[in-house]
Amino acid sequence: MNDALAQAYPLHIATLRQRADAALEAVGREHLVIPAGHPIPKHLDDMDYPFAVHPAFKQWVPLLNAPGSWIVYTPGEKPVLIYLQPQDFWHLTPEDPNGYWVEHFDIRLIRKWEDARQHLPQDPAKCAILGQSRDSIEDFIPDAPEAVIQYLDYHRAYKTPYELIRMREASTLGARGHRAAAAAFRAGESEFGIHMAYLHAVGQTDAELPYHSIVGLNEHSAVLHYMHFDMTPPARNLSFLIDAGASSGGYASDITRTYAAPEAEDFQALIDAVDKAQRQLCDGVRAGRDYRELHLEAHQLLAGVLKDQNIVDMSPEAMVESGVSATFFPHGLGHSIGLQVHDVGGFMKNDKGDTVAQPDSHPFLRMTRSLETDMVVTIEPGLYFIDMLLARLKERPEGKHVNWNRIDALRPYGGIRIEDDVICTSGDPENMTRDAFAALD
């Protein structure tokens, strides 16, 4: 993979420079300054939370653990990397920068974070400084004009070939972890045991993953963001939902799969029906397609599953119109993904900051843009049996069309979500997730 990255990186850095040039010119600034950031200390403690690098910093360089470092870009000049390499016997000293990307930077080593100021531009007023207030150093206080942030966030949706290589690798790692997690589920492991199997297979710690894994057995699968890991296995592992990703050079994958115990044939049939709908939706990731329309199509398809599976006796159109489908599918179809698992710019209409509204009655949709070539999005439809939402439906007139005996039989299984990461191309979409699983077969 290193050879492919080395070949793709020059175009990547050239693209970032072009975007920075345009953003700076629009506001009359001379330098783009990006801090890596600093660890956040725990309250009343002498320890920090795990460090998370500024997304814009790791877009330029694959340095994920370089707190106190900075990037300075001036149009027409070689980008500067101010690299903090402290001499500290309490902690591991960061390695010297190395690899395919270093020749593209003027690298300046510093031993103390405050020494960065002498390498930053003299006049902060001529800079667009990204980051947060806690990243400040002396008179260098993050204050990037909103126009710069909007421009960079909007164009971040278009992935370079370098970024796509990284994301394919993240998908490969994630698929490997999912296979190990599925095996642990079938072996009767606890949620904690399944998560440990996932980490071991991926080869990353919790802090290195792009997000907190969701590992839910049985009814826990109905909790959309289930963040607990029970250490004791349930009496029976009936069903299993895992939403977990991996990282490669700062880029994320986001994968969800749902499994049923061998004897749970009825629930497996429901999983298969959702999987079929999900594949159809993935095929809809086409240039020019409005993502909002794809989300509404997901409701139509899932409503069809509810009818076909004898769960709700209404037409799919009526279920969507009345909001019944939202009882079982209450979240959005997906989101942009890249440097962050829920990447920025999902609501942007253009690089000037105009936005695209969510569809009426669909407030949780995280992506409203029209799809274009080189965008990467997740496609994650689901069906859940959530007591709170079902109780509300039961009190509505539409409740009489629900097969409540069927609902009660399915409650112990929690729910279903199936999620892939898909590249929008000039032709057929590229499903990185399915490709990664297929490569393991």
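The values are calculated or read from the model by the stated rules, or taken from the named source; none is laboratory data. Predicted, not measured: the structure shown is a model, and the values here were computed from it. With ideal geometry, Cβ positions are generated from the backbone for all residues, glycine too; neighbour counts draw on all protein chains shown. We work out accessible area using only protein heavy atoms, side chains counted, and drop any ligands, DNA or RNA first. Shrake-Rupley method; radii C 1.70, N 1.55, O 1.52, S 1.80 Å.
The set of residues in region 68-96 that are over 24 Å from residue 126 (Cα atoms) and either in contact with a helix residue (DSSP H, G or I) (Cβ under 6 Å, 6 or more places away or on another chain) or surrounded by fewer than 18 Cβ atoms within 10 Å (Cβ to Cβ) (or both) comprises 85, 86, 87, 88, 89, 90, 91, 92, 93, 95, 96. Only residues that are of a type outside the set (Lys, Arg), open to solvent by 10 Å² or more (accessible area, probe 1.4 Å) and in a loop (DSSP other than H, G, I, E, B) were counted across region 285-309, and they come to 3. Scanning region 431-440 finds no residues that are over 24 Å from residue 150 (Cβ atoms) and part of a loop (DSSP other than H, G, I, E, B).
Of all residues in region 347-376, those satisfying the criterion of being surrounded by 14 or more Cβ atoms within 10 Å (Cβ to Cβ) and under 12 Å from residue 332 (Cα atoms) are 358, 359, 362, 365, 366, 367, 368. What is the residue count in region 118-149 for residues that are open to solvent by 30 Å² or more (accessible area, probe 1.4 Å), under 13 Å from residue 56 (Cα atoms) and touching a residue at least 60 places away in the same chain (Cβ under 8 Å)? Here the count works out to 2.
Take region 210-225 and flag every residue that is within 20 Å of the chain's Cα centre (by Cα), under 13 Å from residue 259 (Cα atoms) and not in a helix (DSSP H, G or I). If the condition is that a residue be within 20 Å of the chain's Cα centre (by Cα), under 13 Å from residue 259 (Cα atoms) and not in a helix (DSSP H, G or I), then 215, 216 are the ones that fit.
Filtering region 310-341 to residues that are within 27 Å of residue 254 (Cα to Cα), touching a helix residue (DSSP H, G or I) at 6+ places or on another chain (Cβ under 7 Å) and assigned to a loop (DSSP other than H, G, I, E, B) leaves 329, 330, 332, 333, 338, 339, 340.
Pick from region 190-209 the residues that are assigned to a helix (DSSP H, G or I) and aliphatic (A, V, I, L, M): which of them is surrounded by the fewest Cβ atoms within 10 Å (Cβ to Cβ)?
Step one: list which residues in region 190-209 are assigned to a helix (DSSP H, G or I), which gives 191-202, 206-208.
From the residues that got through so far, the ones that are aliphatic (A, V, I, L, M) too are 194, 196-197, 199, 201-202, 207.
Details: 194: 28, 196: 17, 197: 21, 199: 20, 201: 20, 202: 26, 207: 11.
By that ranking, first place goes to 207.
Among the candidates 344, 377, 422, the residue that is aliphatic (A, V, I, L, M), assigned to a loop (DSSP other than H, G, I, E, B) and in contact (Cβ under 8 Å) with a residue 40 or more places away in the chain is uniquely 344.
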